[in-house]
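Colleague: Submitted below is the structure of interest, expressed as structure tokens.
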Amino acid sequence: MSNIIDMFGLDYEQSRLLFSMQYYLVTKDVEREKDTSVKTKKIQWHNAFRKNIENMLEINEAREFAGDNDFNLWNEYVLEGAANRIRKAAPTRTPMFLILLELVTFIPYYPLGESNDDQYKKLKVVSEDKQKQDTEILARFLNIEPTYVSKFLLAYKNAIKGIGGNEYKWIVLVAVIVFAAVAAFLAPTIAPLFAAKGLAGAAAISAGLAALGGGAIAAGGFGMAGGLAVIVGGGALLGGATGAAIRGFIAMSPDFSLSQAAKIEVVLKEIILAQQDTIKAQELIMEQRKVIYLLEDDIFKLKLQKAKNQDEIKKLKKSIGFLKKALNRNEEAVLT
């Protein structure tokens, strides 16, 4: 497996830390909610998110590498200590930066693939400014300057606009992506990631959407190296795109492609090039080219039954357009 793809993987403990920190952000928002009826719905979503993520962690094959039989998310009282331990154990700072990027781009209350999802549609965080402040606290836990929260947010905003154009708002996140993913034609691409590991049907889809919505894709379904639990930071568009599940998301949800491509741009510009690692930058560009080639091959295959696949062809072309624009922007960043 390419080193650049491996760079986007979090091990089991790092993944658990990421999801625990997302859980913390929701906890703080729930505490701020004054409307009783809204708060009740937020609590229900909060509990469902935790259940689904813990289901995913429990069956994740990377647990055996972690040597940890505990799959529960950490609460706010032990979170800083856990972050400090995991940070010190990491060979580089890159996983901590990737965790922070996922926190910065995290918006809760997206559909989880459950029967009562409709009640969450109108839920919003009480204060984006307060959530940003909470994220800055978590940045300190990761031993990262809090200024990176604003830096990553601005870089992501610029990437979305630069790749997607003016028709897209400054941020395209989980709420849009997962609404598309919940559709029946995408459910079969989620379940295989989890069914083989102990979840099936609605439970598999629910856990899968929780992981996807949390910004992470379960690594076990993509032939990742032993010990990696999830891939983040847009890494699903690289080596993971050779898997049928993620290729399904790319084909049927251009918003997914856009958001992941924007994250890759942030990783390239704010992490890889900031560290002056030109070799990794070149590897990343090559991986992006490979994915576009594979997807264009998919277009050809779909055209063999054009009448049947018109909608999928249209969406896949849009996704490829985003990925080509993203590639051009990244090439310019590397060459200048």
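The values are calculated or read from the model by the stated rules, or taken from the named source; none is laboratory data. The structure presented is a predicted model; accordingly, all values stated were derived computationally and were not measured. We place every Cβ from the backbone using ideal geometry, glycine too, and count neighbours over all the protein chains shown.
Colleague: When residues of segment 61-88 are filtered for being modelled with pLDDT under 95 and small (Gly, Ala, Ser), how many remain?
Modeller: Of the residues in segment 61-88, 3 are modelled with pLDDT under 95 and small (Gly, Ala, Ser).
Colleague: Let me ask something additional. Can you name every residue in segment 69-84 that is farther than 24 Å from Ala200 by Cα and surrounded by fewer than 13 Cβ atoms within 10 Å (Cβ to Cβ)?
Modeller: Asn75, Tyr77, Val78, Gly81
Colleague: A further question follows. One residue is enough: does segment 8-26 have a residue meeting the conditions in contact (Cβ under 8 Å) with a residue 24 or more places away in the chain, surrounded by fewer than 19 Cβ atoms within 10 Å (Cβ to Cβ) and part of a helix (DSSP H, G or I)? Walk me through how you get there before you give the answer.
Modeller: Of all residues in segment 8-26, those in contact (Cβ under 8 Å) with a residue 24 or more places away in the chain come to 8-26.
Add one more test, that the residue is surrounded by fewer than 19 Cβ atoms within 10 Å (Cβ to Cβ), and what stays is none.
Within segment 8-26, not a single residue is in contact (Cβ under 8 Å) with a residue 24 or more places away in the chain, surrounded by fewer than 19 Cβ atoms within 10 Å (Cβ to Cβ) and part of a helix (DSSP H, G or I).
Colleague: Scanning for something free of Cβ contacts under 8 Å to residues at least 12 places away in the same chain, out of contact with any Pro (no Cβ under 7 Å at 6 or more places or on another chain) and among the hydrophobic types (A, V, I, L, M, F, W, C), does segment 52-66 turn up at least one residue?
Modeller: No.
Colleague: To continue, here is another question. So, Thr40, is that one assigned to a loop (DSSP other than H, G, I, E, B) and surrounded by fewer than 18 Cβ atoms within 10 Å (Cβ to Cβ) or not?
Modeller: no
Colleague: If you take the residues of segment 183-217 that are closer than 13 Å to Asn55 by Cβ and in contact with a strand residue (DSSP E or B) (Cβ under 6 Å, 6 or more places away or on another chain), which of them is modelled with the highest pLDDT?
Modeller: Among them, the one singled out is Ala211.
Colleague: Next up: Is it the case that Asn84 is outside any loop (DSSP other than H, G, I, E, B) and under 18 Å from Ala210 (Cα atoms)?
Modeller: In short, no.
Colleague: Among the candidates Phe49, Phe65, single out the residue that is surrounded by 18 or more Cβ atoms within 10 Å (Cβ to Cβ), in contact with a Gly (Cβ under 9 Å, 6 or more places away or on another chain) and outside any loop (DSSP other than H, G, I, E, B).
Modeller: So the residue among Phe49, Phe65 that is surrounded by 18 or more Cβ atoms within 10 Å (Cβ to Cβ), in contact with a Gly (Cβ under 9 Å, 6 or more places away or on another chain) and outside any loop (DSSP other than H, G, I, E, B) is Phe49.
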